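Here's the structure, in structure tokens; my notes come after.
No lab work stands behind these numbers, since they all come straight from the coordinates. None of these values were measured; they are calculated from a predicted model. Counting neighbours? That spans all protein chains shown, and the Cβs are built from the backbone with ideal geometry, glycine included.
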Amino acid sequence: MLFRRRKPDGLFERVRTYLWPRRSFSRSFQYLSKRILRLKATPHAVAAGVAAGVFASFFPVGFHFVIAFVLCWVIAGNLVAAALGAVFFGNPLTFPLLWGASWETGKLILHDRLPAHGPPAHLGEMLHNLSFAQLWKPVLEPMLIGAVPLGLMFGLLFYAITRWGMNAFREQRRKRLAERASRHGQSSHPGGTVGSAAR
């Protein structure tokens, strides 16, 4: 394949790039936003896909991609936009914030406040043993319940932003194409610039 690296990146380099892009975060943001805006789908489908990806990012790993794709199917969203939205909003840098917010929101909804000294006793041991039965009540149930209102709020926000951006981007592109066609028509017309210059 043309432009492929002679020496493929190792596991450490791939993880480092995922956590900290080779390009700056602003350039990575511009790249992802342009990928989203240039998708060949209706503004609703793209915006709904991004919203599904954002909504699903509040759920624990193992749930969010499945939730994003199922939600995309339900609301007629674009699957590629959902994947890009999930990568854009949910990444290793934001996951601790998103999941922490989901957990705290779920605890408030369940009226089960954390003790003053911090997380529940033996939480580290439960995470280490990965016992679903032990993790459900103190960790997973609050996270799943808290993820719903936060995901809805941010999903609707990003739906509105993405749909507005899609409409603005396509309107600007339509105007550029119309201006280019107009200039091309004037230059090729017998009475236009080229015809006058030939005389």
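Here is how the numbers come out for the structure above:
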quantity: Selection of chymotrypsin sites (Phe, Trp or Tyr not before Pro), the range 43-80, meeting DSSP coil and at most 10 other Cβ within 10 Å; calculated: none
quantity: Radius 14 Å from Cβ of Ala45, net charge of other residues (Lys, Arg +1; Asp, Glu -1); calculated: +4
quantity: Mean Cβ count within 10 Å, highest first, over the residues of peptides 86-93, 172-179, 44-51, 145-152; calculated: 44-51, 145-152, 86-93, 172-179
